[in-house]
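What follows is one structure encoded as structure tokens, with my remarks underneath.
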Amino acid sequence: MHLNRRHFLGTGIAASALLTAPTVWGQAKPKVVVIGGGAGGATAARYLAKDSGGAIEVTLVEANPVYTTCFFSNLYLGGFRDFESLQHNYDKLAGGGVTVINDMATGVDRAAKTVTLAGGQVLPYDRLVLSPGIDFKDGSVPGWSLDAAEKMPHAYKAGPQTQLLKKMVEEMPEGGVFAMIAPPNPYRCPPGPYERISMIAHVLKQKNPTAKIIVADPKEKFSKQALFEEGWNKHYAGMVEWIGPDFGGGKVEVRPDAMEVVIDGEVTKVDCCNVIPGQMAGKIAALAGVTDDSGWAPVDPATMKAKADENVWVLGDSSAQGDMPKSGFSANSQAKVAAMTIRGELTGSKTFPAKYSNTCWSLIAPDDGVKVGASYEPTPEKIASVESFISETGEDAALRKATYEESLGWYAGITADMFG
Amino acid sequence: MRRSLVALALCLALGPVPGAAEAIGDAERGATLFARQCSACHQIGPEAQNRVGPRLTGIFGRQAGSLADFNYSKSIVRMGADGLVWTLETLDAYIANPKALVSGTRMNYRGMAEATDRADLMAYLRAYSDRPQDIPESEPTARKTDPALSPEILAIQGDPAYGEYLASECQTCHQADGSDQGIPSITGWPAEDFVVAMHAYKQKLRPHPVMQMMAGRLNDEEIAALAAYFATLQ
Ligand SMILES: Cc1cc2nc3c(=O)[nH]c(=O)nc-3n(C[C@H](O)[C@H](O)[C@H](O)COP(=O)(O)OP(=O)(O)OC[C@H]3O[C@@H](n4cnc5c(N)ncnc54)[C@H](O)[C@@H]3O)c2cc1C
């Protein structure tokens, strides 16, 4: 392998010398391969193709033929969206000049600048974009592994897991117990688990009002905590019990076969259990060798380029960039900076200083929406938060409704921005 | 709080022009008139709902009797279908004597006799009709002359290429094709109106946390670039 690497390095230099002067060869268009067609990857592929007007060959590698958004998947659990409304295909991207390959990327040779796919295809690239989302850390919740996900779903990659969780909640016996094992930081969508609790409480309130919800949480505090707690008291009084680390929320074991949860030594029988494990960058990022000990991939704050390789970009959840939360909004925002800088490098188009932003809406109950957001700028060390806002407790119903309606507009906007 | 925001917003829009032929009236007085004579039946503002009467947010440029979620009299619906649109002129007439304009209206309001009162009231209503593209006759009210927005700022020629990059950030929420669902459309605005609206957010005269933040970090050139770019979208 080592020998191979060295060998490839040699030819790599020759090849890139040719590529920086594509006119010499006439046709040779620069190639960008994007792995992962989610919030970061689909946006990057779309903007690269659209803005380069065909000057760049853009290939998107995505394992699934249809993308199911995690965003709004909690609203599906709560009965506010149907499952189909979360699904998006890649037809318009393909129509917009992106070559879409429906396959799993299994390896990256950064020296040779190639990506290998499960189907055996080898794709050469000049620039590589990785936006593979997350994978779960083995052993983060004792007793749980991916094999147990049919009994205790994570539902933290949207798809069949989300449908399974919804079914299990609906089938809970009267007065049954729902448990969530909340994840440690950092993880995708900081308010996600708590929005999910709200949506499940909404369903249970209607169908199974004597049911109970327990949340075992290793974190001292969580995103939008005051807003969620206010909402739970208001809409679901007495139903939700949050167990923070002071009460053993961090010392948890699950027993999927027995449907038991052990919190700080105390065994509880549960009827439905949602385990959201600790997370790391999507595996292909580690295979590509761009992650560090944290399990995430450090990037240059001004460009989203991997610190490990100047030809590789890492976007979205997989990246370690600083203050931005791991969200679809953030991934979409980062993808635009990446597309602009890649285009600048490959075609000489103008580049501008990076601007990033994020807003995350959460639904607590029907027409009771809240939001949190911030704008960010690159500093030498990290992407740093510049200004931020958050909904306030005690807001009136009309404002909460307008906030919820805004989130519907955002969902339509971001999915159009990702998929065309 | 709301009250003072409205007054300030109008300063931005109208400018405290001496002897302004352009100003509609005194919005602050209008707010008081609204509270006394209209608010029993109407709400206005971003969160306004229908009550006895329909919400009046965005009334300028709106077709009469056109809110889908309000149950109007047949008479006003027909007038709307015939082409009655709320403008300074038509509103003035309706408020002066509702039944004179819409004979079968359900609005049980005796009318407001004083022309200056009506002008002040409309200056107040105007503050909640903030989409210049909906208001053909808005030019005199929506531009120029605010000291905080010097002619130099309005004269900046935006760079549409830079605008296109900056706009990509906006399009996470505002759709490029101009669809308008929960979040307003911002395509096809005259560049100057766009600049005024963005500065109103930047100066926190328009209340909305997301937009205040988005506009707050943009400098004058960047706002001009965005305006130049969005003006090119249909
Ligand atoms: C319950 C929940 C609610 C959420 N709500 C919100 C919200 O309201 N707002 C918000 O902004 N964000 C929200 N998020 C977060 C958001 O979904 C993620 O942050 C976002 O999807 C990250 O984008 P990404 O591009 O990094 O990864 P993803 O969108 O996950 O995309 C990764 C893609 O890569 C593919 N992939 C991975 N590895 C490979 C490989 N080797 N080969 C080929 N394809 C591969 C995957 O199939 C996937 O399609 C929520 C998340 C959850 C779980």
TODO: Using Cα positions and a limit of under 19 Å, work out the aspartates and glutamates in reach of residue A:251, with same-chain residues fewer than 8 apart set aside.
DONE: A:138, A:217, A:220, A:241, A:260, A:264, A:266
TODO: Summarise the accessible area of the range A:106-243 (1.4 Å probe, protein heavy atoms) by the percent that is carbon and sulfur.
DONE: 52
- [ ] Give me the percent of DSSP beta bridges within the range A:144-276 that run antiparallel, rounded to the nearest 5.
- [x] 40
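Quick one: accessible area per residue over the range A:271-420, 1.4 Å probe, rounded to a whole number of Å²?
31
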TODO: Could you check how much of the accessible area of the range B:151-232 is carbon and sulfur, as a whole percent, using a 1.4 Å probe?
DONE: 57
TODO: Quick one: dipole size for the range A:75-184, taken about the Cα centre, charges +1 on Lys/Arg Cβ and -1 on Asp/Glu Cβ, in debye to the nearest 20.
DONE: 380
Open item on the list: Which one, A:231, A:313, A:412, projects farthest toward the positive side of the charge dipole computed for chain A from Cβ point charges (K/R +1, D/E -1)?
Closed with: A:313
Task: Inter-chain Cβ neighbour average for residues A:398-406, partner chain, 10 Å - done: 3
- [ ] Using the structure shown, select from A:205/B:202; A:167/A:307; A:151/A:326; A:151/A:401; A:166/A:371; A:50/A:382 the pairs with a Cα to Cα distance greater than 31 angstrom.
- [x] A:205/B:202; A:167/A:307; A:151/A:401
Open item on the list: Full-extension gain between residue A:220 and residue A:392, please, as 0.36 nm times their residue separation minus the C-alpha to C-alpha distance.
Closed with: 59.8 nm
Open item on the list: Explain nothing, just compute: Karplus ³J(HN,Hα) = 6.51 cos²θ - 1.76 cosθ + 1.60, θ = phi - 60°, for every residue of the range A:294-299 in order, whole Hz, x for Gly and Pro.
Closed with: 5, x, 10, 9, x, 10
Task: Simple label model, 7 Å out from Cα along Cβ direction - residue A:385 to residue B:181, nm - done: 3.1
Open item on the list: Please compute, for peptide A:354-367, the average count of beta-carbon atoms on other protein chains lying within 10 Å of each residue's beta-carbon.
Closed with: 2
Open item on the list: Could you compute the net charge surrounding residue A:197? Neighbours are other residues with a C-beta less than 11 Å from the C-beta of residue A:197; K and R count +1, D and E count -1.
Closed with: -3
TODO: Run down the aspartates and glutamates and flag those whose C-alpha is under 20 Å from the C-alpha of residue B:74, throwing out any fewer than 8 positions away in its chain.
DONE: B:82
Task: Separation in nanometres of the label points that stand 7 Å from Cα toward Cβ, at residue A:266 and residue A:233 - done: 2.2
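Could you tell me whether the protein assembly as shown comes out rounded, prolate or oblate from its Cα gyration tensor? Rule is a ≥ b ≥ c as square roots of the eigenvalues, rounded for a/c under 1.5, then prolate if a/b exceeds b/c, otherwise oblate.
Because a/c hits 1.5 or more and a/b fails to exceed b/c, the protein assembly as shown counts as oblate.
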- [ ] Ignore the peptide's own chain and count Cβ atoms of other chains within 10 Å of each Cβ in A:388-397; give me the average, rounded.
- [x] 1
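For the protein assembly as shown, what is the charge dipole size about the Cα centre, in debye to the nearest 20, if Lys and Arg each add +1 at the Cβ and Asp and Glu each add -1 at the Cβ?
500
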Open item on the list: Checking buried surface per residue: for the range B:30-52, which residues lose a minimum of 10 Å² accessible area in the protein assembly relative to the chain alone (1.4 Å probe)?
Closed with: B:47, B:49
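Once a ≥ b ≥ c are taken as the square roots of the eigenvalues of the Cα gyration tensor of the range B:27-142, is the result rounded (a/c under 1.5), prolate (a/b larger than b/c) or oblate (a/b not larger than b/c)?
rounded
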- [ ] With label points built 7 Å along Cα→Cβ from the Cα atoms of residue B:106 and residue B:48, find their separation and express it in nm.
- [x] 1.8
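Can you give the FRET efficiency to the nearest 0.05 for residue A:145 and residue A:94, using r as the Cβ-Cβ distance and R₀ = 35 Å?
It comes to 0.45.
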- [ ] Just name one of B:121, B:64, B:103: the one whose Cα is farthest towards the positive end of the charge dipole of the range B:27-142 (beta-carbon charges, Lys/Arg +1, Asp/Glu -1).
- [x] B:103
- [ ] Evaluate the charge dipole of the range A:144-276 about its Cα centre and quote only its size in Debye, nearest 20, assuming +1 on the Cβ of each Lys and Arg and -1 on the Cβ of each Asp and Glu.
- [x] 460
Open item on the list: Just the number please: accessible area per residue for the range B:27-142, 1.4 Å probe, all protein chains included, in Å².
Closed with: 49
Task: Peptides ranked, highest mean first, by Cβ atoms within 10 Å: ranges A:284-292, B:107-115, A:232-240 - done: A:284-292, A:232-240, B:107-115
- [ ] Give me the accessible area buried between chains A and B, both sides summed, with a 1.4 Å probe, in Å² rounded to the nearest 100.
- [x] 2500
Task: Cα gyration tensor shape for the range B:151-232, rounded if a/c is under 1.5, else prolate or oblate - done: oblate
Open item on the list: Using the Cα centre of chain A as origin and beta-carbon charges of +1 (Lys, Arg) and -1 (Asp, Glu), tell me which of A:55, A:259, A:152 is placed farthest towards the positive end of the dipole.
Closed with: A:55
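How large is the helix-only mean residue ellipticity at 222 nm for the protein assembly as shown, computed as the sum of -39500 (n - 2.57) over DSSP H runs with n ≥ 4, divided by its residue count, in deg cm²/dmol to the nearest 500?
-11000 deg cm²/dmol
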Task: Carbon and sulfur %, accessible surface of the range B:27-142 computed with the full protein complex present, 1.4 Å - done: 51
Task: Selection of trypsin sites (Lys or Arg not before Pro), the range A:153-229, meeting DSSP coil and at most 14 other Cβ within 10 Å - done: A:221
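The values are calculated or read from the model by the stated rules, or taken from the named source; none is laboratory data. Predicted model only: the values in this text are computed from it and were never measured. For neighbour counting, all protein chains shown are included, and Cβ atoms are generated from backbone atoms with ideal geometry for every residue, glycine included. Only protein heavy atoms, including side chains, enter the accessible area calculation; ligands, DNA and RNA are left aside. Shrake-Rupley method; radii C 1.70, N 1.55, O 1.52, S 1.80 Å.
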